[in-house]
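The values are calculated or read from the model by the stated rules, or taken from the named source; none is laboratory data. Values in this document were obtained by computation on a predicted structure and should not be read as measured data. Cβ atoms come from the backbone with ideal geometry, glycine included; neighbour counts cover every protein chain shown.
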Amino acid sequence: MSEQARVLRPEQHYISEEPYYEPVGEEIQVFEAAWRNGLPVLLKGPTGCGKTRFMEHMAWRLERPLITVSCHDDLTASDLVGRFLVRGGETVWVDGPLAAAVRAGAICYLDEVVEARKDTTVVIHPLADDRRVLPMEKLGELLEAGPEFCLAMSYNPGYQSVLKELKQSTRQRFVALEFDYPQPELEARIIEKESGVDRKLADRLVKFAHMTRNLKGQGLDEGASTRLLVHAAKLIASGVDPVVACRASIAQALTDEPEMLVAVNELSASLF
């Protein structure tokens, strides 16, 4: 076997400019304390409420590279840790994103972790307790995490099925931070800042979002997220009619059901 190959270059994952983030509680203080004490962090909250932006902000704040993994049904432990590959007639070891993060003292963020296959918890658990090691079974070694490494995960507890719930044996290894959509005034300010629309229009978008969130469980799986509101606001700021913008970036993103599409579009038409 030739010298180990490193696919990821953690130095490329530093965030040079401060990502815009509005704190809603003590989440920054808690995350910093968890990082200083080598504790893993679990972010709980609905889609599009700011979890990923928070992680980008913390990586910038702590001056650590951020390696993000978007979890999916086919993600395996080998995808996270690494595998042997044949390159140019030689067999080389290629680090996965989790191994690369441990070696570099980076923040590894597993987004929507319950979507990954169950065998991923086998490698996550030793990193998420006092051992702070990553088993590299195919190399026959244990990779020890340094003090700057941080493991963070997110999931949406209101959306997952029983089959994809996060197990207690996993949850109880983490410091948990609960996220939700911001209060109306703060959410409007975020929309203003991110899109450039005026406050009056931002307030209307927030009101529209609350109307759709009231339909959760009554035809909609989720209401309009802050992310979707920002998308709509950006379209409006570019000259798109507000009703058209809400239909394209919010209603169509929320549902494919014809009746619910009509209902959501009527809500936006009543405000704009």
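Residues of region 235-265 being touching a Gly at 6+ places or on another chain (Cβ under 8 Å) and not hydrophobic (A, V, I, L, M, F, W, C), which ones?
Quick first cut of region 235-265, residues touching a Gly at 6+ places or on another chain (Cβ under 8 Å) only: 237, 254-255, 257, 259-260, 263.
Residues satisfying the conditions are T255, E257, E259.
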**Asked** Hey, does region 113-136 have a residue that's outside the structural domain of A253 (by TED's automatic domain parsing), more than 18 Å from N37 (Cα to Cα), out of contact with any Leu (no Cβ under 7 Å at 6 or more places or on another chain) and modelled with pLDDT of 95 or more?
**Response** no
**Request:** Being surrounded by fewer than 20 Cβ atoms within 10 Å (Cβ to Cβ), within 26 Å of V24 (Cβ to Cβ) and in contact with an Asp or Glu (Cβ under 8 Å, 6 or more places away or on another chain) narrows it down to one of R189, R117, so name that one.
**Result:** R189
**Prompt:** Filter region 194-216 for residues that are among the hydrophobic types (A, V, I, L, M, F, W, C) and touching a residue at least 24 places away in the same chain (Cβ under 8 Å); which is farthest from A237 (Cα to Cα)?
**Reply:** L215
**Candidate set from region 69-98 (those that are at pLDDT below 95, assigned to a strand (DSSP E or B) and of a type in the set (V, I, T)); member that is farthest from E144 (Cα to Cα)** = V86
**Request:** Consider S154 carefully, then state whether it is surrounded by 15 or more Cβ atoms within 10 Å (Cβ to Cβ), under 30 Å from R189 (Cα atoms), in the same structural domain as R173 (by TED's automatic domain parsing) and among the polar types (S, T, N, Q).
**Result:** yes
**Request:** With a cut-off of at least 1 residues that are among the β-branched types (V, I, T), name the strands (runs of 3 or more DSSP E) lying wholly within region 100-191.
**Result:** 107-111, 133-136, 175-178
